[in-house]
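Below is a structure I'd like to ask you about.
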Amino acid sequence: AITMAVSGERSTPGIGTTVVVSLPRGDASHIQQAVHPQQLDVAGHCVLVVDDDPVILQALAALLRDWGCTALTATGMDDALACVVKDKQKPDLILSDYRLDGGVHGIDLIQAVREKTSDDLPALLMSGDTDPALVQSIRQQQFHLLHKPVKPVQLRKVMHQLLTSPN
């Protein structure tokens with residue numbers, strides 16, 4: 001709880017009121033340091049981006065390219081699996097929408113890509129669905145989830161964590 005002292009109130013009709021508020025000095029150790037996007041380097045990584053909305057897909061790909069990433073784009077399961085084989089470049093990270101066309105879920109897609117590449121690739125799901133049961137299910141399966149609309153700095157922060165943490 002913060003206690004404050006109010007003193008020196010002055011009021012002049014038709015002009016306004018002046019109030020002086022005194023607050024105790026805070027503890028600087030409680031201040032979170034701001035993280036600047038340039039500290040969250042993701043450049044040089046290859047990201048498989050999967051979304052069934054072409055506008056979102058292209059926007060994400062452009063953002064990742066601006067950050068220095070290679071973006072492999074796919075609109076669904078078959079496209080993603082073909083992309084991994086066709087490009088012969090294994091992604092460092094999978095970034096997928098949760099609900100894809102044809103009833104495919106991002107979790108199924110991630111597992112299929114991991115199987116195809118024989119690697120436990122880090123993965124990140126995005127969804128506009130905030131159903132608590134869905135969120136809990138995704139977290140129980142130990143997948144990372146960001147809610148749409150995703151802020152670029154938030155996306156970059158999670159990507160950086162996933163790409164720099166040991167598996």
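The values are calculated or read from the model by the stated rules, or taken from the named source; none is laboratory data. Owing to the predicted nature of the structure, the values given are computational and were not obtained by experimental measurement. Cβ: placed from backbone, ideal geometry, glycine included. Neighbour counts: every protein chain shown. Each accessible area value is taken on the protein alone, full model and side chains, heavy atoms only, with ligands, DNA and RNA left out. Shrake-Rupley method; radii C 1.70, N 1.55, O 1.52, S 1.80 Å.
Within segment 110-118, can one find any residue that is part of a strand (DSSP E or B), open to solvent by less than 20 Å² (accessible area, probe 1.4 Å) and either in contact (Cβ under 8 Å) with a residue 12 or more places away in the chain or more than 11 Å from I94 (Cβ to Cβ) (or both)?
There is no residue in segment 110-118 that is part of a strand (DSSP E or B), open to solvent by less than 20 Å² (accessible area, probe 1.4 Å) and either in contact (Cβ under 8 Å) with a residue 12 or more places away in the chain or more than 11 Å from I94 (Cβ to Cβ) (or both).
Residues of segment 81-109 being in a loop (DSSP other than H, G, I, E, B) and either surrounded by 16 or more Cβ atoms within 10 Å (Cβ to Cβ) or modelled with pLDDT of 95 or more (or both), which ones?
Once the filter is applied, which keeps residues that are in a loop (DSSP other than H, G, I, E, B) and either surrounded by 16 or more Cβ atoms within 10 Å (Cβ to Cβ) or modelled with pLDDT of 95 or more (or both), segment 81-109 yields P91, D92, Y98, L100, V104.
Mind counting the residues in segment 136-157 that are in a helix (DSSP H, G or I) and open to solvent by 20 Å² or more (accessible area, probe 1.4 Å)?
Total satisfying the criteria: 9.
Using the structure shown, decide if A123 is at pLDDT 95 or above and surrounded by fewer than 16 Cβ atoms within 10 Å (Cβ to Cβ).
It is false that A123 is at pLDDT 95 or above and surrounded by fewer than 16 Cβ atoms within 10 Å (Cβ to Cβ).
Taking T73 as the residue in question, decide whether it is modelled with pLDDT of 95 or more, open to solvent by 20 Å² or more (accessible area, probe 1.4 Å) and under 21 Å from the mean Cα position of the chain (by Cα).
Criteria met by T73.
Residue by residue, here is whether (1) at pLDDT below 95; (2) basic (K, R); (3) under 18 Å from the mean Cα position of the chain (by Cα) holds:
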residue: M4; (1), (2), (3): yes, no, no
residue: P37; (1), (2), (3): yes, no, yes
residue: A59; (1), (2), (3): no, no, yes
residue: D79; (1), (2), (3): yes, no, no
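How many of the residues in segment 75-128 are touching a Phe, Trp or Tyr at 6+ places or on another chain (Cβ under 6 Å) and more than 12 Å from F143 (Cβ to Cβ)?
0
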